[in-house]
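Undergrad: Mind having a look at this structure? Questions to follow.
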Amino acid sequence: MADTTQANLLTAVHPSEAEGVAREPLVLNQRSLGWITDRICGIVENRQPLIWWILFVPSVAGFLALVFSLFYLVSTGVGVWGMNHPVAWGWDIVNFVFWIGIGHAGTLISAILFLTRQKWRTSVNRAAEAMTIFAVICAGIFPGFHVGRFWMVWFLAPIPNSNGIWQNFKSPLLWDVFAVSTYFTVSLIFWYVGLIPDLASLRDRAKSLLRKRIYGFFALGWRGGNRQWRHYEMAYLLLAALATPLVLSVHTVVSFDFATSVIPGWHTTIFPPYFVAGAIFGGFAMVLTLMLPIRKLYGLEDLFTHKHIDNMAKIILLTGTIVGYAYIMELFISYYAGNAYETDAFHMRILSGPYTWAYYCMFFCNVISPQIFWFKWARHNLWVVFIIANFVNAGMWFERFVIIPTSLARDFLPGQWGYYSASWVEKTLFVGSFGLFLMLFLLFLRFLPVIAISEVKGVLPESDPHYPAWKRLRLGRRGEK
Amino acid sequence: MSTSDHSKKELFGYLAQFEDATALYHAAEKVRDKKFRRWDVHTPFPVHGMDHAMGLGKSWLSVLVLVGGVCGSLTALGLQFFTQVSLYPTVVQDKPTNLFTIPAFFPVTFELTILFAAFATVLGLFTIIMLPRWNHPLFNSPLFSKFSNDAFLLHIEARDPKFHHEKTREFLSEVGAARIEEINY
């Protein structure tokens, strides 16, 4: 045992190999530091490919449709939505939970994978964090307008109204306000702190004075000194440590919106972990949906490699299976607990209710389809990965639909039952939120580095100051120079 | 405004470029051993172990973050107890509001703890590393602007008590600098 360890140590090119694991490099083709800067900054500095415009124009159109339908909604009243008694939470809340869930993978990649020292995160974390921020913006629109009178939205802030009445701090809806706004703020801070060294790269390469000034302003005069880096690294570590429990708390609180009520189908203790797993699952699918085309379009294959895609597909498989476990456990508990309303709610959800189609769409997309990722060929076929990721995106939307309106449509008294379908305003809002999301993401691609330049440089083997010593040892052993 | 002669430039220090992270790491160890105090290395990414090579300890930013987090918790508990229990008790669905309502106050307390700690992190970071600072003598050097691409640089300020016009320059080439530049104000 000791002998083999010694032999490994002597032949290793990098410490990680000495541990007996020959790891795939994170950056392929032994790219230099300069190549990495050129390739990533080049995306921002060069003209955008035609496809960027082909995507950007419809996104802006979608965004304008969003603005129009919000204007129509506010000027007419929430009656233009298809919701009424008994379904008072429809597509708006479905979309809210859908978008906020998508945001969570960004924080997972940037914070949890950072704390667990998963170096492969460096190629994806910037785009994933940007996705988080844009997704939370999209999410915020829906509950904001759901309150009905949008100009009264300040009631959500901890300010007393004109009768001196304060918010009810015992309500999960108020917890949600605090959770989501904290999440947005902390994600924005985390993203910006991560961007500072890369903004300095863009500043130092800028040809025109205007670019130099704008990037220079936001780079804050970053000098990359080790007396800065050491506090910077600590700040990044602390932000990751703060964001990790935060992301778990945010979706837990979102699930409390439902779980603390008494509606059969909502009143479930499994909701917090189930929502968190689902959010990470759906978010990773969205990251892949965005990153696969970007990788191809901007020639980032050496930075965002098959190894990254493989890892993310495995996470989708894991979290998809956790979500599947939750679905089945929900059904089992509703039967095992023996509460008639609960049993009936789930009976109608899967067998006799008006929305069983949605349940089976959800089950197929979220539980069955990711199982293909058990096979290596599927994780390495980009088309398969892309298609499954989109199944998951759709499936996660259906999951929220199954939970929210279908539980409300059939509660305790049959006399109260109803059927809900969305009006054109809700549909336009949903499509429009995708327009807003894509528009923001495309602008991000255009103006900011999509991959964290300094972090990718830091994971190259030669960035380790002890690398040449390892290399010499190995070459000496082989009798080479 | 300044009394100094504008035509004559004042020396800020030397900026030396090194081959790679390894060369810079070993040079930093030697500069540390020479007991220089006003110097720094500039790298495209944080070099692993450089704190040790420069003789720097652990960052103390975490202390500020702890203070921020504690302030957040206290603010949240104060806000909730003051408004809910003393100022205007809101009784919804016959749920009591008193000192034992604390479990219902946990989520907001937790969120504000995180929020304040995050603000303390970022504001503390900027205070400690003294950013934003858009003007710095180092930005006068064309060589310096390469640090954010692929250059490994080390600078020693002329204000350092150990600094000597010729000897420091010689010392820098002894420790392996590939290129040495004078930086002026």
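Undergrad: I want to check a number: in chain B, how many lysine pairs have alpha carbons closer than 26 Å, given a sequence separation of 8 or more or different chains?
TA: Here the count comes out as 17.
Undergrad: How large, in Å, is region A:333-381 by the Kirkwood hydrodynamic radius built from its alpha-carbon pairs?
TA: Result for region A:333-381, one decimal place: 12.8 Å.
Undergrad: In vacuo Debye scattering of region A:135-237, one point per C-alpha: log10 I(q)/I(0) at q = 0.16, 0.22 Å⁻¹?
TA: -0.82, -1.11
Undergrad: Residues of region B:72-98 losing 10 Å² or more of accessible area relative to the isolated chain, 1.4 Å probe, heavy atoms only?
TA: Residues meeting the cut-off: B:Leu79, B:Gln80, B:Thr83, B:Gln84, B:Leu87, B:Tyr88, B:Thr90, B:Val92, B:Lys95.
Undergrad: Determine the relative contact order of chain B: mean sequence separation of Cα pairs under 8 Å and six or more apart, normalised by residue count, in whole percent.
TA: Numbers: 227 pairs, mean separation 91.4, N = 185.
So the answer I get is 49 percent.
Undergrad: Now for a different question. Magnitude of the Cβ-charge dipole of region A:62-184, K/R +1 and D/E -1, about the Cα centre, nearest 20 debye?
TA: Roughly 380 debye for region A:62-184.
Undergrad: Using a 1.4 Å probe on protein heavy atoms, which residues of region B:138-156 have at least 50 Å² less accessible area in the complex than alone?
TA: B:Phe139, B:Phe147, B:Ser148, B:Asn149
Undergrad: Scan around B:Asn184 for amide H atoms under 5 Å from its own, H built in the peptide plane at 1.01 Å from N, and keep only partners 5 or more places away or cross-chain.
TA: Here B:Phe12 satisfy the definition.
Undergrad: Separate question: Hey, can you list the DSSP H helices of chain A whose Cα span along the axis is 24 Å or longer and whose average Kyte-Doolittle score is at least 0.5?
TA: A:50-76, A:91-107, A:125-146, A:172-205, A:226-259, A:271-297, A:306-337, A:382-409, A:424-447
Undergrad: Nearest 100 Å², what total accessible surface is buried between chain B and chain A (probe 1.4 Å)?
TA: On the way: alone 12630 and 22840 Å², together 29830 Å².
Looking at B and A, the buried total is near 5600 Å².
Undergrad: How large is the accessible surface per residue of region A:276-426, computed with a 1.4 Å probe and reported in Å² as a whole number?
TA: Working: 6210 Å² over 151 residues.
Value returned for region A:276-426: 41 Å² of accessible area per residue.
Undergrad: Using +1 at the C-beta of Lys and Arg and -1 at the C-beta of Asp and Glu, which of A:Trp166, A:Ser208, A:Phe190 has the Cα lying farthest in the positive direction of the dipole of region A:142-288?
TA: A:Ser208
Undergrad: Just the number: Rg to Rh for chain B, Cα atoms, Kirkwood Rh, two decimals. Can you show the working numbers first?
TA: Values: Rg = 25.7 Å, Rh = 20.5 Å.
Dividing the radius of gyration by the Kirkwood radius yields 1.25.
Undergrad: With helices defined as uninterrupted DSSP H runs, which ones in chain B have an alpha carbon span along their own long axis of at least 24 Å and mean Kyte-Doolittle hydropathy of at least -0.5? Each step should come with its number before you reach the end.
TA: Details: long enough: B:61-81 (30 Å, 1.87); B:102-128 (37 Å, 1.90).
Membrane-span-like by this rule: B:61-81, B:102-128.
Undergrad: How far apart, in nm, are two points set 7 Å out from the Cα along the Cα-to-Cβ line at B:Lys35 and at A:Phe71?
TA: About 7.3 nm separates the two model spin labels.
Undergrad: Report the one residue of B:Thr22, A:Gly42, A:Thr76 whose Cα lies farthest in the direction of the positive end of the charge dipole of the protein assembly as shown (charges on C-beta: Lys and Arg +1, Asp and Glu -1; origin at the Cα centre).
TA: In the protein assembly as shown, that residue is B:Thr22.
Undergrad: Rg (Å, one decimal) plus Dmax (Å, integer) for the alpha carbons of region B:112-185?
TA: Here Rg and the maximum Cα pair distance are 17.4, 55 Å.
Undergrad: Which is farthest toward the positive dipole end of region A:314-416 among A:Phe363, A:Ile404, A:Ser352, measuring Cα position about the Cα centre, with Cβ charges +1 (Lys, Arg) and -1 (Asp, Glu)?
TA: Value: A:Phe363.
Undergrad: Right, something else. Note down the magnitude of the dipole of the protein assembly as shown about its Cα centre, charges +1 on Lys and Arg C-beta and -1 on Asp and Glu C-beta and zero elsewhere, to the nearest 20 debye.
TA: 1500
Undergrad: Remind me, relative contact order of region A:196-299 in percent, using alpha carbon pairs under 8 angstrom and six or more residues apart?
TA: It rounds to 16 percent for region A:196-299.
Undergrad: Can you sort B:His155, A:His267, A:His146 by solvent-accessible area, 1.4 Å probe, largest first?
TA: A:His267, A:His146, B:His155
Undergrad: Something else now. Cα atoms only, region B:61-128: Rg and Dmax in Å?
TA: Over region B:61-128's Cα set, Rg and Dmax evaluate to 14.8, 50 Å.
Undergrad: Dipole size in debye (nearest 20) for region B:66-185 around its Cα centre, Lys and Arg Cβ +1, Asp and Glu Cβ -1?
TA: I would put it at about 160 debye.
Undergrad: Using the Cα gyration tensor of region A:411-459, with a ≥ b ≥ c the square roots of its eigenvalues, what is the shape: rounded (a/c below 1.5), prolate (a/b larger than b/c) or oblate (neither)?
TA: On the way: a/c = 10.32, a/b = 2.60, b/c = 3.98.
In terms of gyration-tensor shape, oblate.
Undergrad: Counting only C-alpha contacts under 8 Å and six or more residues apart, can you give the relative contact order of region A:327-481 as a whole percent?
TA: 16
Undergrad: Right, another one. Kindly provide log₁₀ I(q)/I(0) values, in the same order as q = 0.14, 0.15, 0.27 Å⁻¹, from the Debye equation applied to equal alpha-carbon scatterers of region A:265-347.
TA: Here log10 of I(q) over I(0) equals -0.59, -0.64, -1.19.
Undergrad: Across bins of 10 angstrom width beginning at 0, how are the C-alpha pair distances of the protein assembly as shown distributed, in whole percent?
TA: 3, 13, 22, 23, 18, 11, 6, 2, 0, 0
The values are calculated or read from the model by the stated rules, or taken from the named source; none is laboratory data. Model, not experiment: these values are computed from the prediction. Positions of Cβ are backbone-derived with ideal geometry, glycine not excepted, and every protein chain shown enters the neighbour counts. Just so you know, the surface numbers come from the protein's heavy atoms only, side chains and all, with ligands and any DNA or RNA stripped out. Shrake-Rupley method; radii C 1.70, N 1.55, O 1.52, S 1.80 Å.
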